[in-house]
Every structure is written in structure tokens, then in C-alpha cells.
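Comments concern the structure below.
The values are calculated or read from the model by the stated rules, or taken from the named source; none is laboratory data. Note that the coordinates shown come from a computational prediction; the quantities given were computed from them, not determined experimentally. Positions of Cβ are generated from backbone atoms using ideal geometry, with glycine treated the same way; all protein chains shown enter the neighbour counts. Each accessible area value is taken on the protein alone, full model and side chains, heavy atoms only, with ligands, DNA and RNA left out. Shrake-Rupley method; radii C 1.70, N 1.55, O 1.52, S 1.80 Å.
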Amino acid sequence: MSLIDTIKQLANKHSEELISIRRHIHQHPELSFEEFKTSEFVCSVLDKHQIPYTKNHVKTGIIALIKGKNPDKKTTLLRADLDALPIEEKNEVSYKSQNVGVMHACGHDVHTASVLGTAIILEQLKHEFEGTVKIMFQPGEELLPGGASLMIQDGVLQNPKVDAAIAQHVFPSMETGKVGFRSGMYMASTDELHITVYGKGGHAAMAGEYNNPLVVAASIIKEIEMQFPFVLDAEGVARNTENNIPTVIAFGQIEGKGATNVIPESVYLAGTFRTMDEAWRKTVKEKIAQIINAICTKYNTKADINIMDGYPFLTNDEQMTAYCKQAAIEYLGKDNVQDLPLRMTAEDFAYITQQVPSCFYRLGTGNKQKGITSGVHTPTFDIDEKALEIASGLMAWMVVNSK
């Protein structure tokens with residue numbers, strides 16, 4: 001039997017176990033940096049299959065090691081994220097979340113279960129491949145500063161030194177059985193905008209006695225929108241009209257605790273800034289601060305400006321991505337491997353891609369015939385669980401077939 005057929009056979013053999021693992025994790029979701037029980041459960045699976053690991057990295061993180069032949073030849077990192085989201089699940093399934101208000105709505109239960117499956121396969125085939133596989137189960141992908149960045153600080157890319165990295169993400173708009181790749185720049189950096197404008201409150205009828213911070217906040221939003229105009233390209237990506245760089249600046253929250261006849265003392269704005277160019281990223285943040293200060297001066301108000309640095313942009317190494325894409329074609333067939341457009345969403349695996357040659361790809365998890373179509377970060381998100389078998393085997397093939 002060929003090695004690829006052996007991997008497919010092992011993936012199928014363990015598929016029911018992976019479904020059980022995924023459902024357990026899905027039933028017991030935990031928020032970012034609070035994944036204590038999830039971490040314990042992952043350790044129990046690793047123990048069951050006698051896969052060595054160390055734990056308590058950034059409190060809940062785990063690093064497992066599988067040494068093949070010639071273990072010092074190279075080290076490949078595989079990433080899985082552990083955390084869930086503050087969303088109330090609306091699915092009526094046997095494995096529905098038991099933690100009120102918390103749900104694996106972004107598929108991290110799928111990532112963890114399928115990477116565990118890959119580890120189980122690789123442990124059984126460790127005499128069939130060269131090098132070492134380092135598996136990172138990380139906390140806090142959904143919350144700044146991002147668990148990946150903290151795991152890097154903790155030393156995950158060292159001892160042994162990581163030479164390449166692979167990660168996947170569920171993709172509900174793609175049918176199960178398919179995967180997608182994009183070489184080069186793929187996902188945006190993400191910074192958070194937190195602005196509090198201070199005016200002078202009062203009775204709305206007494207126009208000469210207050211300085212309305214809501215007017216200032218509205219002017220800030222309008223001016224920033226005017227200063228950074230954009231057009232949508234053929235892929236639906238917003239690009240700045242002056243330099244064609246993908247750019248999104250959007251405010252999603254405005255809070256002024258007044259009333260119909262009460263002008264508030266202050267107004268809070270929250271938004272996001274995303275792009276794919278580090279020099280432009282720095283320039284825009286500086287210009288946003290200048291715009292806010294200029295408007296506040298014009299209206300004789302003040303503002304606290306907090307622009308929180310988020311994840312960098314994610315870039316897929318061309319050679320590594322070409323290799324992984326070819327492995328996927330071999331494993332799934334050419335018709336099941338697709339090219340992906342740019343995305344303005346963000347991902348903390350970007351920290352890894354900035355330091356080692358990496359490939360971050362999409363795993364199809366949808367099934368229109370079964371009605372599995374809900375997007376991530378929604379209360380009805382779910383997957384076709386056949387994707388677990390595909391994901392675990394495919395990632396194992398990427399590892400054992402690497403040069």
C-alpha cells in the first residue's frame with residue numbers, strides 16, 4: 001500500500017474518534033485565555049496516544065513533539081487554536097454548547113480535533129518521514145495580543161528551531177472535500193480604534209450652555225471617511241484610491257449616554273483599521289490621530305485616542321504554499337483545490353508567517369445539501385464532520401511528503 005493510501009486509511013480509521021473529540025470540545029467551549037478544561041482534554045488525548053508534550057505554555061498552551069527519522073533535519077510547526085467566542089449557540093444538536101453565551105462559532109474545535117488527528121496519524125508513521133513535527137495548541141486567537149504572539153515569546157519557534165509552519169481554517173462557504181490556497185499576501189493587519197471625545201454636557205434646550213461631543217464624533221467619522229476614500233476591486237476588496245493599497249477603516253460603535261433632551265459629557269467611538277502594507281499602516285494611524293486632534297481643536301473639545309496595535313498582515317510563503325497546494329492536489333484531486341482571493345479579515349497565525357516560511361489555507365466545511373451553510377461568528381455555525389477526516393489526513397500528507 002502506498003504511503004498516501006496508508007494515511008487515508010488511518011484518517012478513516014480514526015474519523016469517529018475525531019468526531020467525538022470535536023463534539024466534546026464544541027460542547028465545552030471556553031473564551032480566550034481561559035481554555036483550562038479544553039487544554040486538559042487535549043492533553044488527555046495526547047496521553048491516550050502516547051504523544052509527548054509539554055503544557056502550561058501561556059497558561060493553557062500545549063506543545064507536542066513527534067520525531068521522525070533524522071529528527072534534526074528540519075522542524076515543521078502545525079498550529080491549532082483552542083478558544084471560543086462570546087456567542088449564544090442556536091443550533092439544536094446533541095453537541096450544543098453547554099456553556100451559556102460561549103460557542104465555538106469560528107471552528108477552533110475543528111482545528112484542534114483535526115490537528116489531533118494529524119498527530120495521531122504521524123505518531124503511527126514516525127518511521128516513514130524525516131524531521132520533527134512540533135504541534136502548537138495555542139490559546140487566545142480571538143483576543144489581542146493574540147496567543148500566537150505570546151507563544152512565540154514563550155519560545156515555540158525554538159528548541160527545536162522551526163523551519164516551516166502550516167495552519168488551516170474552516171471555510172463554510174466552501175463545500176467539504178475542497179481546500180483553498182493563496183500565495184503571498186493573503187489576510188490583513190488589524191488595529192483597533194478607541195476614541196473618547198470630551199465636550200460639555202447640558203440640557204438640549206440650552207444651546208448656548210453645552211458643547212455637544214456627538215457633533216464632534218460625527219465629524220471625526222465623516223472626515224476619516226473622506227480622507228481615506230476607497231473603491232472595491234474585482235475581488236471585492238476595498239482599496240485606497242490614492243495608492244491602491246487594500247484599506248478598511250470602519251467604526252462599529254458610537255456611544256453617547258445622553259437622551260432626547262440631554263447632551264452627554266463624552267462620546268465613545270470604536271472601530272477597526274485593516275491594511276496590507278506596514279509603511280502605510282503606520283502612516284494611516286498617524287493621520288487618524290492628526291484628524292481627530294484637528295477636529296477637536298476646531299470644536300474646542302478634547303479626545304483620548306487609543307489605537308491598539310493588532311495582528312500583522314498574513315503572508316503565505318510562495319514556495320511553501322506551492323508545496324502544500326501540490327500535496328493537496330495529490331491527496332484530494334485537482335478539482336478539489338481552489339485559489340483564494342485576498343481577505344480583509346485577520347488571523348494571529350500572521351505572527352508565525354512573519355518569522356518562518358508558512359502556509360495558511362482554507363478547509364471546506366460546508367454542505368448545502370445538508371443545510372450546513374452558516375458563516376463563522378454566527379450562532380448557527382456548524383460543519384460537515386466529514387471535514388475532520390479530510391483535514392487530519394491532508395495535513396499528515398503535507399508533513400510526510402515534504403522535501
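Give the residues of segment 251-268 that are under 29 Å from the mean Cα position of the chain (by Cα), surrounded by 12 or more Cβ atoms within 10 Å (Cβ to Cβ) and either free of Cβ contacts under 8 Å to residues at least 24 places away in the same chain or in a loop (DSSP other than H, G, I, E, B) (or both), sorted by residue number.
Glu255
Just to be sure I understand the filter: pairs with C-beta atoms under 8 Å, separated by 6 or more residues or on different chains, first member in segment 100-114 and of a type in the set (A, V, I, L, M), second member at pLDDT 95 or above and in a strand (DSSP E or B). Which pairs pass?
Partner pairs satisfying both residue conditions: Val102/Leu85; Met103/Leu85; Ala105/Leu85; Val110/Val170; Val110/Leu363; Val110/Thr365.
Please give the strands (runs of 3 or more DSSP E) falling wholly within segment 140-250 in which 2 or more residues are open to solvent by 10 Å² or more (accessible area, probe 1.4 Å) and closer than 25 Å to Ala105 by Cα.
Values: elements: 164-175, 179-181, 184-187, 189-198, 230-232, 238-240.
So the answer is 164-175, 189-198.
Output the residues belonging to segment 355-377 that are in contact (Cβ under 8 Å) with a residue 12 or more places away in the chain, of a type outside the set (Lys, Arg) and open to solvent by 40 Å² or more (accessible area, probe 1.4 Å).
Just the residues of segment 355-377 that are in contact (Cβ under 8 Å) with a residue 12 or more places away in the chain, to begin with: 355-368, 370, 372-377.
Going one step further and asking which of them are of a type outside the set (Lys, Arg), we end up with 355-361, 363-367, 372-377.
Residues satisfying the conditions are Gln355, Pro357, Thr373, Val376, His377.
Consider Val115 carefully, then state whether it is open to solvent by less than 20 Å² (accessible area, probe 1.4 Å), aliphatic (A, V, I, L, M) and part of a loop (DSSP other than H, G, I, E, B). Spell out how you get there, then give the answer.
Working: open to solvent by less than 20 Å² (accessible area, probe 1.4 Å): yes; aliphatic (A, V, I, L, M): yes; part of a loop (DSSP other than H, G, I, E, B): no.
In short, no.
Of the residues in segment 310-326, how many are among the small types (Gly, Ala, Ser) and either assigned to a loop (DSSP other than H, G, I, E, B) or within 18 Å of the chain's Cα centre (by Cα) (or both)?
The first filter runs over segment 310-326 and keeps only residues among the small types (Gly, Ala, Ser), leaving 310, 322.
Retained after the next criterion (residues that are either assigned to a loop (DSSP other than H, G, I, E, B) or within 18 Å of the chain's Cα centre (by Cα) (or both)): 310.
Result for segment 310-326: 1.
Hey, among the residues in segment 2-42 that are assigned to a loop (DSSP other than H, G, I, E, B) and either closer than 22 Å to Leu125 by Cα or among the aromatic types (Phe, Trp, Tyr) (or both), which one's least open to solvent (accessible area, probe 1.4 Å)?
His14
When the residues of segment 66-98 are narrowed to those that are among the β-branched types (Val, Ile, Thr) and open to solvent by less than 10 Å² (accessible area, probe 1.4 Å), which ends up farthest from Pro160 (Cα to Cα)?
Ile66
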